[in-house]
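For reference, the structure discussed in these notes is given below.
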Amino acid sequence: MVAKNKSERLRRLLSHGYFAPELPPCFVSTDLARFRKSIFDSIAAMPAVRQQSAYYRYITEPAWFYFPRFGKDDRRHGVPNPVSYLLLSKAIADNYVHFRRSAKKSRLTSSPPVFDWSGARAVMRPSVDLRDDFRVDLSSRREEYVSADLRSFFHSIYTHSIPWAIYGKDWAKVPANRGYNHYGNLLDLLSRNLQGGQTIGLPVGPDTSRLLAEVVASGIDEKLRERLGVTARDASRYIDDFTISGVNGERGEDIIAALRQAALHFELELNNEKSEINSTATRHNIGWKQAARAYIPHGNPDLPSMQQFFYEVGRLCEAHPTINVEKFAFACARTAFIRSSGWRTIQSLLVNAYRRNSTLVSLVVEIFLLRQIDRGDLDLGNLKDFLDHRLPSLARANRTGEIIWLLFLAIRLGVIVGARAAESLLQVDNGMVGLLAALAKSRNLIQGQFDLAPWNTSHTSDGLKGPMWLYAYQTAVHGIVPGLDTAFIEQDPFFAPLFAKKVSFLRIENGFASVAGTIQSLRSENERISRVRSDFLEDFTVDIDDYDDDDFAEPDAAGDAVDDEGY
């Protein structure tokens with residue numbers, strides 16, 4: 001069993017909490033986790049600046065990308081600079097016991113920071129089913145309830161509110177209490193430093209942001225309980241999505257006002273367009289998941305049965321236009337897609353589905369790769385035609401998340417991207433797009449001349465701190481750009497320790513290696529979520545201690561004595 005000490009928490013945050021889950025599995029951070037001690041020790045050994053650690057002044061910018069959301073605008077996600085992320089993760093790991101105590105003040109959350117030691121993420125992803133379960137039960141007991149969420153929650157968090165939530169706003173604002181010996185202030189500083197010094201926002205994607213956001217939201221819950229006297233039977237919060245019923249029949253308008261005041265205490269605002277008073281006589285969206293599963297053909301389905309599946313799912317989509325029924329149904333039907341006959345038609349239907357619902361991009365790529373591994377019958381000619389026309393369209397709209405997935409697909413399948421499509425990518429200032437395009441070029445998967453000059457300007461010390469850091473660093477580590485002088489990395493005091501260990505953030509063959517392995521991994525994740533859901537339904541609370549033992553008995557020094565290669 002893994003010793004749950006500070007060092008292992010840091011390892012987990014680095015290896016499974018760094019790259020956003022919306023990215024392809026080719027982006028990895030296991031090397032960063034493996035060599036975490038030597039990298040941090042090298043950085044910590046740098047001469048102090050004004051009696052403070054040199055890294056307190058290390059300011060960087062994330063690599064940003066946009067990923068589609070169902071029925072909404074694409075959301076901006078971030079991949080922080082790896083040095084900045086290491087520093088923030090270490091501050092959280094070192095103080096996790098106290099940090100978690102702050103998160104536990106909520107008593108209303110259905111999305112607590114459950115540390116996961118064996119799943120796909122360091123912090124277990126919450127399930128929206130818990131919000132819906134609470135609303136169904138609440139509707140049987142109350143006349144109405146308020147639903148509301150916070151406006152642009154992650155992107156609007158004021159980093160100074162992190163110590164406010166941990167220590168209390170009045171205490172945190174006292175000048176004598178603002179030193180970095182108080183870990184809440186250090187978290188505030190490092191959160192600013194990894195996003196260009198800005199005090200507003202946390203990058204969506206890393207698990208550190210999930211943890212920090214949950215602490216701030218728990219502070220709102222605490223204020224809400226003080227104002228309204230609500231308990232877990234009266235109110236619940238799923239990330240930033242509140243469901244509240246008054247204890248003594250308070251009016252919905254008064255509840256919304258109380259929630260607005262609680263959010264304002266932490267410099268956050270309610271989303272007025274989504275703040276509603278709901279009658280409990282309203283029909284709930286239940287049963288559609290069971291209906292979708294019921295239409296999935298079993299065994300080795302033929303084309304007519306799969307066409308019927310598409311038809312029935314379409315009907316469910318029309319019945320529930322605000323729910324991403326299609327993504328859920330297709331995810332549950334992975335095995336049917338992989339084993340079915342009549343693939344050429346199904347491939348076209350899946351591409352068509354992605355065109356009208358861009359949130360399907362990652363799932364369609366996964367199905368295509370697993371189908372090719374299992375059956376080897378993808379229509380690569382049609383796929384090339386699709387990519388050559390789709391990539392320029394996405395590039396013009398800066399839809400970087402979709403571009404990243406489609407480039408990953410092309411490289412894994414060895415599909416050659418046409419010159420016009422490749423040329424369109426050069427207008428996209430994105431480190432992950434640039435890196436995958438450069439890799440495709442190095443593998444002769446791009447037709448014609450393809451000049452990387454627009455991206456190569458990032459091969460500087462400043463480039464390592466900017467949003468193109470992944471391209472600047474990784475192309476040098478992999479030797480993707482011929483003749484590149486790597487002195488700009490070797491002479492950079494923050495990145496030199498990574499380069500010395502050949503830390504890599506790209507393994508293009510990682511992920512979707514087998515059908516059985518992929519399905520088993522998904523099944524394990526579902527079992528974890530089911531366990532939390534069962535616990536929640538007992539009393540509408542999730543006890544973090546049930547999932548994340550508070551085990552710091554083993555001295556950290558015992559682990560620190562091991563060499564990096566085995567650490």
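Can you pull the accessible area of Phe70 for me, 1.4 Å probe, Å² to the nearest 10?
70
Identify which of the listed values of volume of the Cα convex hull per residue in Å³ was calculated from the structure shown: [x] 234; [y] 152; [z] 180.
[y]
With a/c under 1.5 counting as rounded, go ahead and sort segment 139-243 into rounded, prolate or oblate using the C-alpha gyration tensor (a ≥ b ≥ c being the square roots of the eigenvalues; past the cut-off, prolate if a/b is larger than b/c, else oblate).
Since a/c reaches 1.5 but b/c is at least a/b, the shape of segment 139-243 is classed as oblate.
Which net charge results for the neighbourhood of Leu350, defined as the other residues with beta-carbon distances under 13 angstrom from its beta-carbon, given Lys and Arg at +1 and Asp and Glu at -1?
Charge balance in the 13 Å sphere: +3.
Need the C-alpha centroid separation for segment 458-527 versus segment 365-398, integer Å.
Measuring centre to centre over Cα atoms gives 24 Å.
Work out the length of the dipole vector of the chain about its Cα centre, built from +1 on the beta-carbon of each Lys and Arg and -1 on the beta-carbon of each Asp and Glu, and round it to the nearest 20 debye.
Working: 68 positive and 70 negative charges, 140 e Å.
Using only the charged Cβ atoms, the result is roughly 680 debye.
Of Arg420, Arg225, Arg76, Arg100, which has the most accessible area with a 1.4 Å probe, and how do the rest follow in descending order?
Highest to lowest solvent-accessible surface, that is Arg420, Arg76, Arg225, Arg100.
Under a Cβ-Cβ cut-off of 11 Å, what is the net charge of the residues other than Asn248 that fall near it, where Lys and Arg count +1 and Asp and Glu count -1?
In short, -2.
Residue by residue, what Karplus-based ³J(HN,Hα) values in Hz, rounded to whole numbers, does segment 490-502 have, using 6.51, -1.76 and 1.60 with θ = phi - 60° and x for Gly and Pro?
Coupling constants for segment 490-502: 4, 9, 8, x, 8, 9, 4, x, 5, 5, 4, 8, 6 Hz.
Sequence-distant or interchain residues sharing an amide H contact under 5 Å with Val417, placed H: which?
HN-HN under 5 Å from Val417: Ile446, Gln447.
For segment 22-96 and segment 400-425, compute the distance between their C-alpha centroids and round to whole Å.
27
For a quick check: with amide H placed at 1.01 Å from N, whose amide H comes under 5 Å from Asp74's, ignoring anything fewer than 5 positions away on the same chain?
When sequence neighbours closer than 5 places are left aside, the close amide H contacts are Arg69.
Compute the FRET efficiency between Gln427 and His389 as 1/(1 + (r/R0)^6), taking r as their Cβ-Cβ distance and R0 = 22 Å, and round to the nearest 0.05. Mind showing how you got there, number by number?
Values: r = 17 Å, r/R0 = 0.75.
Efficiency for this residue pair is about 0.85.
Under 15 Å from the Cβ of Trp469, count the other residues' Cβ atoms, weight Lys and Arg +1, Asp and Glu -1, and hand me the total. Walk me through the numbers before you get to the answer.
Numbers: positive: Lys465; negative: Glu61, Asp429, Asp462, Asp492.
Net charge in that neighbourhood comes out at -3.
Within straight cross-link reach of Lys384, meaning Cα distance under 27 Å, which lysines are found once same-chain residues fewer than 8 apart are removed?
Within the straight-line cut-off, Lys384 pairs with Lys327, Lys441.
Report the Cα centroid-to-centroid distance between segment 173-223 and segment 296-328 in angstrom, as an integer.
Computed from Cα coordinates, the inter-centre distance equals 43 Å.
Multiply the residue gap between Asn271 and Ala513 by 0.36 nm, knock off their C-alpha separation, and tell me the result in nm, one decimal place.
Gain on stretching Asn271 to Ala513: 82.9 nm.
Among rounded, prolate and oblate, which fits segment 234-295 when a ≥ b ≥ c are the square roots of the eigenvalues of its C-alpha gyration tensor, a/c under 1.5 means rounded, and a/b larger than b/c means prolate?
Judged from the Cα gyration tensor, segment 234-295 comes out prolate (a/c at least 1.5, a/b above b/c).
Using a cut-off of 27 Å between alpha-carbon atoms, which lysines can reach Lys223, once sequence neighbours fewer than 8 places away in the same chain are excluded?
Lys104, Lys105, Lys169, Lys173, Lys274
Using θ = phi - 60° and the Karplus relation 6.51 cos²θ - 1.76 cosθ + 1.60, list the HN-Hα couplings for segment 92-99 in order, rounded to whole Hz, with x at every Gly or Pro.
Once rounded to whole Hz, the list reads 5, 4, 5, 10, 4, 4, 5, 4.
Please list 3J(HN,Hα) in residue order for segment 411-427, calculated via the Karplus relation 6.51 cos²θ - 1.76 cosθ + 1.60 where θ = phi - 60°; whole Hz, with x for glycine and proline.
Per-residue couplings from phi come out as 5, 5, 8, x, 7, 7, 8, x, 4, 5, 5, 5, 4, 5, 6, 5, 7 Hz.
Whose amide H sits under 5 Å from the amide H of Leu270, counting only residues 5 or more places off or on another chain, with H placed in the peptide plane?
The answer is Arg151.
The values are calculated or read from the model by the stated rules, or taken from the named source; none is laboratory data. Since we're looking at a predicted model, the values are computed, not measured. As a convention, Cβ positions derive from the backbone with ideal geometry for all residues, glycine included, and neighbour counts pool all protein chains shown. With ligands, DNA and RNA removed, areas are computed over all heavy atoms of the protein, side chains included. Shrake-Rupley method; radii C 1.70, N 1.55, O 1.52, S 1.80 Å.
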